1. What residue, among those in region 1-26 that are aliphatic (A, V, I, L, M) and not in a loop (DSSP other than H, G, I, E, B), is nearest to L103 (Cα to Cα)?
2. Here's a check for you: in region 16-36, which residue that is open to solvent by 30 Å² or more (accessible area, probe 1.4 Å) and at pLDDT 95 or above is farthest from Y131 (Cα to Cα)?
3. Is it the case, given these coordinates, that L198 is surrounded by 14 or more Cβ atoms within 10 Å (Cβ to Cβ), in contact (Cβ under 8 Å) with a residue 12 or more places away in the chain and either charged (D, E, K, R) or part of a loop (DSSP other than H, G, I, E, B) (or both)?
4. List the pairs whose first member sits in region 27-40 and is assigned to a helix (DSSP H, G or I), whose second member is surrounded by 20 or more Cβ atoms within 10 Å (Cβ to Cβ), and whose Cβ atoms are under 6 Å apart, counting only residues at least 6 apart or on separate chains?
5. Name the residue, out of L48, L59, that is on the phi < 0 side of the Ramachandran plot, open to solvent by 20 Å² or more (accessible area, probe 1.4 Å) and touching a Lys or Arg at 6+ places or on another chain (Cβ under 6 Å).
Amino acid sequence: VAIEHRQLVNYVLGVSERLSLPRGASYAHVSTFAADLGNTVLFPALCLGGTLHLLPEELTSDPAGLAAYFEQHRIDCLKIVPSHLSALLAGAHPERVIPRKVLVLGGEASSWELIEKIHALSPDCTILNHYGPTETTVGVLTYPVEKGKRDPRTPIVPLGRPLDNSRVYLLDAAMKPVPVGVPGEVFIGGAGVARGYLNRAELTAERFLPDPFTPGSRLY
């Protein structure tokens, strides 16, 4: 996926506003650089004068080792896949692998059971559910999960609202918005939409469509 500098800049500004962390905060990077999951902490740390902790793979899969590291270094922000976090919470000190201020969950659906467990272990930690395909630059939607605010209508945590300069639509097969409560396909527009797939013009044309609501723009 070809991501331009301006798209990443837009994402960093937008997600930093949602993280709402002070300059000098500590961020932990626990995912592979081959994926964009960790960009949520990597670039805000570098752009806002924070401390970026790059953790080796053997530590990120060791609940005891990671708990000890977090206890020593006082991590403020962590971005992690829910299933990865669930495995880490099985250790002897699960409360220590939760960051002090902001926990960002992304990469797969988050369950309410996991949210309630996190809140029980660390009531003061802000939890953001974060969603977005690589084709729209790391993530587009964030949902701040309030303690005790479980939504009984769905077994998974909602995706939330778009970052600045992003647009999200739920459309039917005719590219028309569906009513509330009616299933539809997620289409994403705005400043984060990628250039396309490198050297794959046909696939780019198939997935990146003209935006019927904003002439001259595209939707993924």
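1. So the first thing to find is which residues in region 1-26 are aliphatic (A, V, I, L, M), and the list is 1-3, 8-9, 12-13, 15, 19, 21, 25.
From the residues that got through so far, the ones that are not in a loop (DSSP other than H, G, I, E, B) too are 2, 8-9, 12-13, 15, 19.
Values: A2: 28, L8: 21, V9: 22, V12: 16, L13: 18, V15: 13, L19: 9 Å.
The qualifying residue nearest to L103 (Cα to Cα) is L19.
2. Among them, the one singled out is S20.
3. Numbers: surrounded by 14 or more Cβ atoms within 10 Å (Cβ to Cβ): no; in contact (Cβ under 8 Å) with a residue 12 or more places away in the chain: yes; either charged (D, E, K, R) or part of a loop (DSSP other than H, G, I, E, B) (or both): yes.
When the stated conditions are applied, L198 does not pass them.
4. N39/V138; T40/V15; T40/K79; T40/V104
5. On the way: L59 fails: touching a Lys or Arg at 6+ places or on another chain (Cβ under 6 Å).
From the options L48, L59, the qualifying one is L48.
The values are calculated or read from the model by the stated rules, or taken from the named source; none is laboratory data. Just so we're clear, the structure is a prediction, and the values are computed from it rather than from any experiment. FYI the Cβ positions are ideal-geometry reconstructions off the backbone, even for glycines, and counts take in every protein chain you see. Heavy atoms of the whole protein, side chains included, go into the accessibility calculation; ligands, DNA and RNA do not. Shrake-Rupley method; radii C 1.70, N 1.55, O 1.52, S 1.80 Å.
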